[in-house]
Amino acid sequence: MKEKQNAIDRRNFLKTVGAAGLGSALAGTTVALTGCKDKEEEQPDTAEPVAEIEPEQPEFPHVPQRILGKTGIKIPCLSFGTFQVDVDNQILLRKTLQYGVNLWDTAYNYGGGNSELGIGKFITKNPKVRKNLFLVTKASGAKTPEEIEKRLKTSLERMNTDYIDLYYGLHQCPNPAWLTDEVRKWAESAKKRKLIRFFGITSHENSAIVLAAAASLPWIEAIMTPYNFHLMQDPKLQAAIDACHKAGIGLIAMKTQGMGQKVETEADKKLVRHFLQRGFTKEQAKIKLVLEDKRFSSACVGMKNVSVLNSDVAAVLDKTKLTRADIEVFKEYAKATCSGYCAGCAYICDSALADAPYVSNIMRYLMYYNSYGEQAEAKSLFAQIPAGVRNKLLDMDYTLAEARCPQHMPISELVAEAVSKLA
């Protein structure tokens with residue numbers, strides 16, 4: 001009876017959040033409040049910068065914090081992916097601070113640089129905020145120390161800051177061969193010069209291989225990697241994550257929604273029905289699933305507007321644990337939808353398509369187009385594939401790649417769709 005009542009309370013809470021915003025809903029909601037103020041250490045002191053921005057704003061609950069591996073630094077378990085922030089879109093930055101979401105994750109190439117410029121505009125107008133931020137950016141497209149250095153200097157200038165808290169010097173690292181001693185020396189130099197506090201990498205493709213290699217490198221302090229209900233089923237990735245965690249590498253999850261190519265299936269409808277009965281949206285349930293894995297310090301989520309921010313914060317503040325039945329529903333859903341989700345094991349399809357080692361990238365760009373609503377970005381990324389490869393994509397035989405794909409994706413069909421939409 002109590003569980004049923006809790007589910008009803010959560011549904012009412014979520015409904016209130018949608019209508020009035022999280023701040024209004026929290027005033028009389030037990031579910032949200034129980035997840036935020038039971039430990040003093042879970043509330044970073046951000047009162048001064050928030051008061052500077054909105055002097056009459058009431059105090060908001062802060063999301064819980066976790067320690068980022070061997071760095072010893074506490075970060076919010078929900079972090080803000082700023083891909084859609086720019087110089088004209090500042091409200092989300094202010095709102096995240098109200099909830100203690102003070103880890104802002106950006107990149108050199110997000111929005112053609114506009115994401116970093118947007119953060120820089122905010123810091124310029126609110127300089128006291130910087131000391132309470134955990135600012136993260138990435139050296140997009142860089143492989144050598146010279147390229148990494150150049151991008152870092154540009155990022156520092158754009159964001160009007162003297163240092164980056166966590167710098168992913170290797171962004172979208174697909175191969176352990178990128179983890180060179182020269183990069184290590186650069187990272188040590190950048191820290192000595194106080195340009196960065198911590199050094200890490202991100203991985204989009206071949207994550208199990210990259211993470212397993214990184215686990216043995218003491219100079220890698222943090223890794224951001226895709227992690228969701230699909231990827232949880234991969235034993236090799238689980239072993240690599242465990243190795244990194246044991247090595248003290250701080251882990252941050254991205255792509256937590258596990259979006260694929262299909263917009264909606266019967267399996268999607270079943271998932272929605274199940275979790276609405278439990279009191280969550282499917283998006284909230286996916287975040288909760290990731291964060292129940294304590295090896296991860298934070299889930300980095302792209303939030304397009306205040307409504308999405310409110311919903312994600314509500315999911316994190318709610319202490320309700322997912323049940324075994326909930327976990328089983330996710331496993332069944334992953335199995336039912338795997339053919340529409342690229343797991344990023346690029347080395348498999350690359351071995352079958354030596355002349356066109358871009359299939360994993362194309363699947364990701366098509367996902368951005370179909371599921372993220374980022375049509376312009378998807379087209380821009382697709383255009384970066386060498387013209388000689390793009391021009392022969394429709395003439396290639398994908399039979400061997402499809403046979404080797406562990407997700408059983410219809411690669412030929414999806415490549416054709418990508419060409420029609422992105423070319």
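Just a few scattered comments:
- Couplings 3J(HN,Hα) of the stretch 106-122, computed from phi: 9, 7, 3, 9, 5, x, x, x, 5, 5, 5, 5, x, 5, x, 4, 5 Hz, in residue order, whole Hz [Karplus 6.51 cos²θ - 1.76 cosθ + 1.60, θ = phi - 60°; x for Gly and Pro].
- For the stretch 59-68, 3J(HN,Hα) computed residue by residue from phi via the Karplus equation (6.51, -1.76, 1.60; θ = phi - 60°) reads 5, 10, x, 9, 5, x, 10, 9, 7, 8 Hz, glycine and proline entered as x.
- For the stretch 100-174 versus the stretch 385-421, the gap between their alpha-carbon centres in whole angstrom: 34 Å
- For the stretch 159-289, the Rg and Dmax computed from alpha carbons only, in angstrom: 17.7, 55
- Summary of packing: across the peptides 93-106, 265-278, the per-residue average of other C-beta atoms within 10 Å ranks them, highest first, as 93-106, 265-278.
- Taken one residue at a time, the phi angles of the stretch 204-219 give Karplus couplings (6.51, -1.76, 1.60, θ = phi - 60°) of 10, 10, 6, 4, 4, 5, 5, 5, 4, 6, 5, 4, 8, 10, x, 7 Hz. Gly and Pro are set to x.
- For GLY302, distant residues with modelled amide H under 5 Å away: GLY81
- Structure-based [θ]222 nm, the chain - -39500 (n - 2.57) summed over DSSP H runs of at least 4, per residue, nearest 500: -14000 deg cm²/dmol
- Just checking the listed ones, LEU366, LEU152, LEU394: in the Gaussian network model of the chain with Cα springs under 10 Å, the one fluctuating most is LEU394.
- Taking amide H atoms as placed 1.01 Å from N in the peptide plane, the amide H of ASN89 has no partner under 5 Å among residues 5 or more positions away or on other chains.
- Length-normalised contact order of the stretch 342-422 in % [C-alpha pairs under 8 Å, at least 6 apart]: 36 percent
Read-outs: derived from the displayed coordinates by stated rules, not from any lab. Since the model is a prediction, treat every value here as computed from it, not as a measurement. Glycine gets a Cβ as well: all are built from the backbone with ideal geometry, and neighbour counts include every protein chain shown.
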